[in-house]
Amino acid sequence: MTKMNRGIITALSAIGLAQGLKIITHKKLTGKWDLKQALTTGGMPSSHSAGVAALASYVAANKGTRHTETALAVVFGAIVMYDAQGIRRHTGEIAQLVNDLEDNIATLSGNFPSFEYVEREEELNELLGHQPVEVAAGAILGTAFGILCAKLED
């Protein structure tokens, strides 16, 4: 482990921490423990944001804010966070609409015996992206974790 890049360890650990926290936030929202939340996409906090923010803050704490590696990590992180709360969230919303449409078609097909409709066995995954608050929470968690890891290394 000592030979592995500490930036990678920090980022992956932040992702793991965020995924673990999804179990707790799910419990708070629903009142039920669900360990599967640690393996899901979407949810609070964003592990995407936590990972890239941890990497960027770790690099910044070690190299300084004016270093090229910091710039790369920050730009990469901004793109990932934008994607997590933008494109991926909208894809999940579209999946929800498609699932609802399929349910409506299945209901209608029961009223028309001549209409042949074969229902899919599985619905599309609707929880793909993040709400902006989930991205922000992941970014705050990751930034704090990255700085903490850099300080503990010193």
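Filter the trypsin sites (Lys or Arg not before Pro) in the range 1-66 to those in DSSP coil with at most 14 other Cβ atoms within 10 Å of their Cβ, and list the result. Here the trypsin sites (Lys or Arg not before Pro) that fit, given the DSSP loop and packing criteria, are K3, K32, R66. Calculate what fraction, in whole %, of the accessible area of the range 1-95 sits on carbon and sulfur atoms when a 1.4 Å probe is rolled over the protein chains. Exposed carbon and sulfur together represent 67 percent of the surface. Couplings for the range 22-35, taken from phi via the Karplus curve 6.51 cos²θ - 1.76 cosθ + 1.60 with θ = phi - 60°, read 4, 5, 5, 5, 5, 4, 5, 6, 10, x, 10, 7, 9, 5 Hz in order; Gly and Pro are left as x.
The values are calculated or read from the model by the stated rules, or taken from the named source; none is laboratory data. All figures in this text were calculated on a predicted structure; none of them were measured in a lab. When we count neighbours, we look across all protein chains shown, and the Cβ atoms used for this are built from the backbone with ideal geometry, even at glycine. These accessible areas exclude ligands, DNA and RNA; they are computed on the full protein's heavy atoms, side chains included. Shrake-Rupley method; radii C 1.70, N 1.55, O 1.52, S 1.80 Å.
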